[in-house]
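So the structure is just underneath, and the comments pick up after that.
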Amino acid sequence: MTKRALITGITGQDGAYLAQLLLSKGYEVFGMARRSSSSDINTSRLKWLKIDRDVRIVDGNLLDLSGLIRLVQDIKPDEVYNLAAQSFVASSWQQPILTSQVTALGVTNVLEALRLVRPEARFYQASSSEMYGLVQNPIQSETTPFYPRSPYAVAKLYGHWITVNYRESFGLHASSGILFNHESPLRGIEFVTRKVTNGVARIKLGLERELRLGNITAQRDWGHAKDYVQAMWLMLQQDKPDDYVVATGRTSTVRTMCEIAFSHAGLNIDEHLVIDPAFFRPAEVELLLGDPSKAKAKLGWEPTTSMEDMIREMVDADLERLK
């Protein structure tokens, strides 16, 4: 029988790539999206992947438990992937209560809906490397203590632990992927990698003269979103649920990432990059470096795209968009 999957946050980067993956495996894919007063849903990423007509968009909101229950009753999903969140770290300081409601309590609502009407469904929670924050170990694994440094990270930590709690309390097949930074041409413009590649493309085409950034010494473990959604799917194919770090095991500074982008466009970084204190965070996460050995050993998962190739792909995509 055809499997059914429900993806919250399907219009985002990860949701779009995950939908593409599941469709390629013969799933019937439903995507939950929150409508605004304009009634329009941004399906641009689904259109970019040419799958917008292959998924079924359904109305829903992580804050509406009764609506989630009805959705689960109607769809009867075999797998549920919770990717929806207020996921921009910088905005979480400006909207801490909204971030807490959506990114933290929203997870509980989805789990509660499954517990009540579809306990046999398998559940994936999108946890985040931001939960490590002020890192307690130089390389972060599933056993590294968490020390969140933003309202977003605190909310993600709640979502992570409530997933563990429902798994252990109610026997749900609920797994969390502690995903380190993952990017692609579908990344939102507000995230640093896309801000850089779009900025470089605009400078190359004569639309801008400079790129303004904050802390460029911060180090991140960057991988490709298309690789990371494969890990999500693999987690829900296991006999037993568990939590996994998904990362490349390699870290680079923001400046190094910028140098790759500028070099690919044939530009001199020092002629265009401007450090702007306005972009510094109230509490900075200086280093994130994941240990994906558990995912490799138990899931058979490994990243296939290097950070360098990913950034070049993103620059090319932004040049194409702007042209």
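The values are calculated or read from the model by the stated rules, or taken from the named source; none is laboratory data. Since the structure is predicted, the reported quantities are computational estimates derived from the model, not experimental observations. Note: ideal-geometry Cβ built from the backbone for every residue, glycine included; neighbour counts use all protein chains shown.
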Q. Got a sec? Which of G206, G266, G223, G214 is without any contact (Cβ under 8 Å) to a residue 40 or more places away in the chain and among the small types (G, A, S)?
A. G206
Q.
Of all residues being touching a Phe, Trp or Tyr at 6+ places or on another chain (Cβ under 6 Å) and not hydrophobic (A, V, I, L, M, F, W, C) in segment 52-99, which is farthest from A153 (Cα to Cα)? Just the residue, please.
A. R56
Q: Could you list, in sequence order, all residues of segment 242-274 that are part of a loop (DSSP other than H, G, I, E, B), out of contact with any Leu (no Cβ under 9 Å at 6 or more places or on another chain) and farther than 27 Å from D227 by Cβ?
A: G266, L267, N268
Q: Would you mention how many residues in segment 294-323 are surrounded by 14 or more Cβ atoms within 10 Å (Cβ to Cβ) and farther than 17 Å from V229 by Cα?
A: 10
Q. Residues in segment 275-297 that are of a type in the set (D, E, K, R) and either free of Cβ contacts under 8 Å to residues at least 12 places away in the same chain or not in a loop (DSSP other than H, G, I, E, B) (or both): how many?
A. 2
Q | Members of segment 116-132 found to be over 14 Å from Y158 (Cα atoms) and touching a Ser or Thr at 6+ places or on another chain (Cβ under 9 Å), listed by number | A | R122, F123, Y124
**Q.** Answer residue from segment 64-92, given it is in a helix (DSSP H, G or I) and in contact with a Ser or Thr (Cβ under 7 Å, 6 or more places away or on another chain) and is surrounded by the fewest Cβ atoms within 10 Å (Cβ to Cβ) among those
**A.** V89
Q: May I ask you to list the residues in segment 9-59 that are modelled with pLDDT of 95 or more, farther than 26 Å from R321 by Cα and part of a loop (DSSP other than H, G, I, E, B)?
A: K25, G26, Y27
Q) Counting only residues that are in a loop (DSSP other than H, G, I, E, B) and either outside the structural domain of D78 (by TED's automatic domain parsing) or surrounded by fewer than 17 Cβ atoms within 10 Å (Cβ to Cβ) (or both), how many does segment 94-137 have? A) 6
Q: Determine whether R255 is more than 14 Å from I178 (Cβ to Cβ) and without any contact (Cβ under 8 Å) to a residue 60 or more places away in the chain.
A: yes
Q: Those residues that are surrounded by 23 or more Cβ atoms within 10 Å (Cβ to Cβ), in contact with a Gly (Cβ under 6 Å, 6 or more places away or on another chain) and not in a helix (DSSP H, G or I), I need them from segment 138-190; list them, please.
A: Q140, F180, H182
Q: Please specify each residue of segment 103-131 satisfying the condition of being under 22 Å from V192 (Cβ atoms) and either out of contact with any helix residue (DSSP H, G or I) (no Cβ under 8 Å at 6 or more places or on another chain) or among the polar types (S, T, N, Q) (or both).
A: T103, S127, S128, S129
